[in-house]
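See below for the structure under consideration.
The values are calculated or read from the model by the stated rules, or taken from the named source; none is laboratory data. Here the structure is a predicted model, which is why all the values come from computation and not from measurement. Because the Cβ atoms are built from the backbone with ideal geometry, glycine has one as well, and the counts that use them run over all protein chains shown.
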Amino acid sequence: MEQTVSTTPYVQPSKRIGRIDFLASSLFVLVLASLVGITACADPGGVSLGDSRLLYVANLLAIALLMLIAARSMRPTRATPVPLLHPPMLMTAWFLFVIAIPGLALFTYPANLLALRLPPDDYYAYLAPGMTLCLAGLTALWIGYSLGLTAIQPARVLRFLGDRSPSLLAILALYTLTIAVRLARIMVTGIAFGADSTHLGPLLPFDQWLKYIEDSRYLILAVTASQIFGRRWPWPVLVLMVTMEILYAFTSGFMKPLLWVIVVLLLSLVYRGFNLKRCIPYLVPTVLIAITIVPVAQELRLSFRQFDSRSPVQVWNATQEAFGSTWGKGIGIGWAAFTQKSLLRQTEVAQMPAVILMTTPSVIPFEGFQQFAAIPAYVIPRAVWPDKPVLSRGIWFGITYLNNPTTTTTSRAMTIFGESYIFGGWLGTILASLCLGLLLALLVRSSVGIGLTSVYIALVPTFIDVESQLTVMTVTLIQGLAIYLFLYYVLTIRLRRSL
């Protein structure tokens with residue numbers, strides 16, 4: 001077996017809820033109903049700045065209360081840190097600490113408000129309703145997930161995979177392939193914002209499959225970390241992989257690839273029963289490297305048109321210049337660039353639900369529930385359906401809702417709750433979140449439920465990122481689960497034949 005903790009750490013919600021749990025649940029229902037009622041009945045033009053701030057904070061407290069109630073109701077059959085590891089718990093915590101709480105800065109630093117159709121005072125009135133929309137979506141997500149755990153059981157046909165473990169040689173071979181594919185992509189298309197996928201030529205229809213090979217690094221990291229933390233494989237293997245992922249994160253121009261590496265390692269530690277406090281000294285260097293990389297990568301993103309991103313020499317020279325214009329001018333300048341990039345980016349994301357609420361349907365109409373019906377068809381790979389619509393609509397969202405120029409290449413995060421609202425309003429967000437919760441329950445039953453925690457951990461970066469679109473997240477989860485299960489099977493065939 002791959003793990004040492006219980007192979008079924010996800011259980012149905014306990015029916016033994018005490019008086020405190022009942023009172024907390026009642027309070028949450030009351031707060032949620034009040035916030036939804038205020039959002040539905042209040043005139044945004046009559047809401048003051050102080051009231052907007054108070055309602056925003058009330059939403060944050062309600063989200064925290066939702067996490068507490070869910071953690072109390074989801075109880076393990078054995079001693080294992082289950083509440084932390086449920087998909088909705090990870091998504092709720094990510095939304096609260098990475099998006100919602102940084103959004104509070106908007107009430108102190110109005111300069112971070114997006115310049116849109118409304119004056120600042122009116123614009124503030126939509127921030128709290130935007131958070132209420134996300135709160136309703138998170139609540140529906142938890143309900144759908146709980147119902148799914150009750151109704152869905154692990155597939156018997158997959159249970160044999162839980163008794164297998166990949167060999168180190170097979171893992172290294174697959175990881176070498178991911179490195180080769182990523183290097184080839186960089187040489188052909190370039191790095192970061194300078195990458196141009198049209199350079200793939202006849203391979204463009206297979207770009208999605210190439211990306212799945214690249215993303216299998218998360219499965220490799222999860223399996224490797226599990227084996228090394230279980231003291232079965234040598235630790236230098238993981239050090240080498242993390243080093244390579246740091247370099248790749250830098251060339252991507254984004255911070256999230258490195259963030260996902262940290263998340264995968266942390267969850268692998270938790271599943272192995274490690275005390276996270278003892279692991280902090282090992283994570284500190286990775287965090288420091290991430291802090292160092294972010295300002296430099298941001299400078300590269302701003303200057304990508306000034307050098308050939310396919311040329312290693314020009315990339316290296318541009319990197320030296322980017323470092324010199326950030327950390328080279330002093331720690332204060334570098335740290336300011338890091339905090340501005342991190343905080344400003346998240347305050348923008350926190351505004352997106354508000355932007356959507358104040359624009360749809362008053363200015364831009366709903367797209368209709370037929371958009372939800374089209375999602376199952378999008379699971380078909382682009383190699384089979386070359387004319388499949390582009391699922392990522394971040395650039396379109398920026399142009400349509402944020403008044404970005406039509407020539408922009410910057411993608412904006414509409415969030416899974418925002419896109420579902422664009423499709424069908426409040427009802428669309430609630431129904432979509434319920435269905436997503438069912439899908440997450442299926443994911444858990446098909447991975448953790450059969451002992452494949454590494455497959456589950458490898459998919460965490462896909463669903464934890466609520467900044468994504470509902471369509472993209474749903475399609476990627478379904479395809480990713482099928483591909484990772486297949487890869488795990490292939491990786492273990494070699495081991496069984498060698499015995």
May I ask you to list the residues in segment 214-254 that are in a helix (DSSP H, G or I) and of a type in the set (S, T, N, Q)?
Thr224, Ser226, Gln227, Thr243, Thr251, Ser252
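Can you name every residue in segment 405-429 that is surrounded by fewer than 17 Cβ atoms within 10 Å (Cβ to Cβ) and at negative phi? It would help to see each step written out before you state the result.
Taking segment 405-429 first, the residues surrounded by fewer than 17 Cβ atoms within 10 Å (Cβ to Cβ) are 405-411, 425, 427.
If the condition is that a residue be surrounded by fewer than 17 Cβ atoms within 10 Å (Cβ to Cβ) and at negative phi, then Pro405, Thr406, Thr407, Thr408, Thr409, Thr410, Ser411, Leu427 are the ones that fit.
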Is there any pair with a first residue in segment 213-229 that is in contact (Cβ under 8 Å) with a residue 40 or more places away in the chain and a second that is outside any helix (DSSP H, G or I) whose Cβ atoms are under 7 Å apart and which are 6 or more apart or on different chains, and what are they?
Val223/Pro166; Thr224/Trp233; Ser226/Glu2; Ser226/Gln3; Ser226/Arg272; Gln227/Trp233; Phe229/Arg272; Phe229/Phe274
Does segment 446-455 include one or more residues that are in a helix (DSSP H, G or I), in contact (Cβ under 8 Å) with a residue 24 or more places away in the chain and within 15 Å of the chain's Cα centre (by Cα)?
no
When segment 330-375 is examined, which residues are found to be part of a helix (DSSP H, G or I), in contact with a Ser or Thr (Cβ under 9 Å, 6 or more places away or on another chain) and not small (Gly, Ala, Ser)?
Ile333, Phe338, Val349, Met352, Pro353, Ile356, Leu357, Thr359, Gln371, Phe372, Ile375
Just checking, does segment 354-362 include any residue being β-branched (Val, Ile, Thr), surrounded by 21 or more Cβ atoms within 10 Å (Cβ to Cβ), touching an Asp or Glu at 6+ places or on another chain (Cβ under 8 Å) and more than 30 Å from Leu487 (Cα to Cα)?
no
Among the residues of segment 35-55, write down those that are of a type outside the set (S, T, N, Q) and either at pLDDT below 70 or buried (at least 19 other Cβ atoms within 10 Å of the Cβ) (or both).
Leu35, Ala40, Cys41, Ala42, Asp43, Pro44, Gly45, Gly46, Val47, Leu55
Check off (1) hydroxyl-bearing (Ser, Thr, Tyr); (2) assigned to a loop (DSSP other than H, G, I, E, B); (3) modelled with pLDDT of 70 or more for Thr292 and give me the number that stays unchecked.
(2)
Test for Tyr489: is it among the aromatic types (Phe, Trp, Tyr), in contact (Cβ under 8 Å) with a residue 12 or more places away in the chain and under 27 Å from Val98 (Cβ atoms):
no
Given the conditions (1) in contact with a Gly (Cβ under 8 Å, 6 or more places away or on another chain); (2) surrounded by 19 or more Cβ atoms within 10 Å (Cβ to Cβ); (3) of a type in the set (A, V, I, L, M), every one holds for Val460 apart from (1)
Are there any pairs with C-beta distances below 7 angstrom linking a residue in segment 145-172 that is farther than 24 Å from Met89 by Cβ and β-branched (Val, Ile, Thr) to a residue that is modelled with pLDDT of 80 or more and surrounded by 15 or more Cβ atoms within 10 Å (Cβ to Cβ), with the two at least 6 apart or on different chains, and if so which?
Ile171/Ile220; Ile171/Val223; Ile171/Thr224; Ile171/Leu491
Selection status of Val466, assigned to a helix (DSSP H, G or I) and β-branched (Val, Ile, Thr):
no
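Has segment 81-98 got at least one residue that is more than 27 Å from the chain's Cα centre (by Cα) and at pLDDT below 75? Break it down into steps so the answer makes sense when it comes.
Within segment 81-98, the first condition is being more than 27 Å from the chain's Cα centre (by Cα), and the residues that meet it are none.
So far as segment 81-98 goes, no, none of its residues is more than 27 Å from the chain's Cα centre (by Cα) and at pLDDT below 75.
Only one of Ile395, Ile375 is farther than 23 Å from Tyr123 by Cα and touching a residue at least 12 places away in the same chain (Cβ under 8 Å). Can you tell me which?
Only one candidate qualifies: Ile375.
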What's the number of the only condition in (1) surrounded by fewer than 18 Cβ atoms within 10 Å (Cβ to Cβ); (2) in a helix (DSSP H, G or I) that Pro381 fails to meet?
(2)
Within segment 396-436, count every residue that is among the β-branched types (Val, Ile, Thr), at pLDDT below 95 and in contact with an Asp or Glu (Cβ under 7 Å, 6 or more places away or on another chain).
1
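Being crowded, with 22+ Cβ neighbours inside 10 Å, assigned to a helix (DSSP H, G or I) and not basic (Lys, Arg) narrows it down to one residue among Thr492, Thr471; which is it? Spell out the reasoning first.
Working: Thr492 fails: crowded, with 22+ Cβ neighbours inside 10 Å.
One residue alone meets the criteria, Thr471.
For the subset of segment 310-367 comprising residues that are within 30 Å of Gly428 (Cβ to Cβ), within 24 Å of the chain's Cα centre (by Cα) and aliphatic (A, V, I, L, M), which member is modelled with the lowest pLDDT?
Taking segment 310-367 as the starting set, the residues that turn out to be within 30 Å of Gly428 (Cβ to Cβ) are 344-367.
After this cut, where a residue has to be within 24 Å of the chain's Cα centre (by Cα) as well, the list is 344-357.
Subset that is aliphatic (A, V, I, L, M): 344, 349-350, 352, 354-357.
On the way: Leu344: 74, Val349: 89, Ala350: 90, Met352: 91, Ala354: 90, Val355: 90, Ile356: 92, Leu357: 90.
Looking at residues that are within 30 Å of Gly428 (Cβ to Cβ), within 24 Å of the chain's Cα centre (by Cα) and aliphatic (A, V, I, L, M), I get Leu344.
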